[in-house]
1. From the residues in the stretch 74-90 that are in a loop (DSSP other than H, G, I, E, B) and either among the aromatic types (Phe, Trp, Tyr) or open to solvent by 90 Å² or more (accessible area, probe 1.4 Å) (or both), which one is nearest to GLU144 (Cα to Cα)?
2. If we keep just the residues of the stretch 91-130 that are among the acidic types (Asp, Glu) and either open to solvent by 60 Å² or more (accessible area, probe 1.4 Å) or touching a residue at least 40 places away in the same chain (Cβ under 8 Å) (or both), which is nearest to VAL158 (Cα to Cα)?
Amino acid sequence: MAKAAKTEAEAEPEAEGEEAPKKSRLPSKKVMIIAGAALLVVGGGGFGAMKFMGGKKQEEPKKEVVKPATFVDLPDVLVNLANSGGDRTQYLKVKVVLELPDAELVPKIQPLMPRVMDAFQTYLRELRPTDLDGSAGLYRLKEELTRRVNVAVAPNKVTAVLFKEIVVQ
């Protein structure tokens, strides 16, 4: 009977609405640290993804005002090409236009035109007729003339040398 009395005593608090004291079991420190670290990693990853991918404000594209190019005509250049001995003399006639990025450069470049023409004359006289063959030859000629003009008008800069007319005779 002692056992029965003991079980009735244990059952009594439940009948009266009182709960028996329960042992609460918290996770160990190790598990709490791992869970906290995982939460930080996941939260940091989400924040980083939002910041780098979708969190940026949409910037309106700036409308750049495109200035029209300015062109400066140069006098015609007529030179005899270098030949190798017995061939007949061939001539090169070139009409060239300089493309400038800004109209403000025209007064700065005009006083330097004798240098530009001298650079053209000395370079063009050294060319052979085979140097002008095909579009690749003309492209190399254009690039070289642009480089020489930029050296002559430095610190100013010419965008391009454009051909209006090329005649090899």
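The values are calculated or read from the model by the stated rules, or taken from the named source; none is laboratory data. Predicted, not measured: the structure shown is a model, and the values here were computed from it. Neighbour counts run over all protein chains shown; Cβ positions are idealised from the backbone, glycine included. What goes into the accessible areas is simple: the full protein's heavy atoms, side chains included, and nothing from ligands, DNA or RNA. Shrake-Rupley method; radii C 1.70, N 1.55, O 1.52, S 1.80 Å.
1. Initial filter on the stretch 74-90 (in a loop (DSSP other than H, G, I, E, B)): 74-76, 81-90.
Within this subset, residues satisfying the condition of being either among the aromatic types (Phe, Trp, Tyr) or open to solvent by 90 Å² or more (accessible area, probe 1.4 Å) (or both) are 84, 87-88.
Values: SER84: 23, ASP87: 26, ARG88: 26 Å.
For the stretch 74-90, the residue satisfying everything is SER84.
2. Step one: of the stretch 91-130, the residues among the acidic types (Asp, Glu) are 99, 102, 104, 118, 126.
Next cut, either open to solvent by 60 Å² or more (accessible area, probe 1.4 Å) or touching a residue at least 40 places away in the same chain (Cβ under 8 Å) (or both) only: 99, 104, 118, 126.
Numbers: GLU99: 6, GLU104: 12, ASP118: 17, GLU126: 23 Å.
So the residue we want is GLU99.
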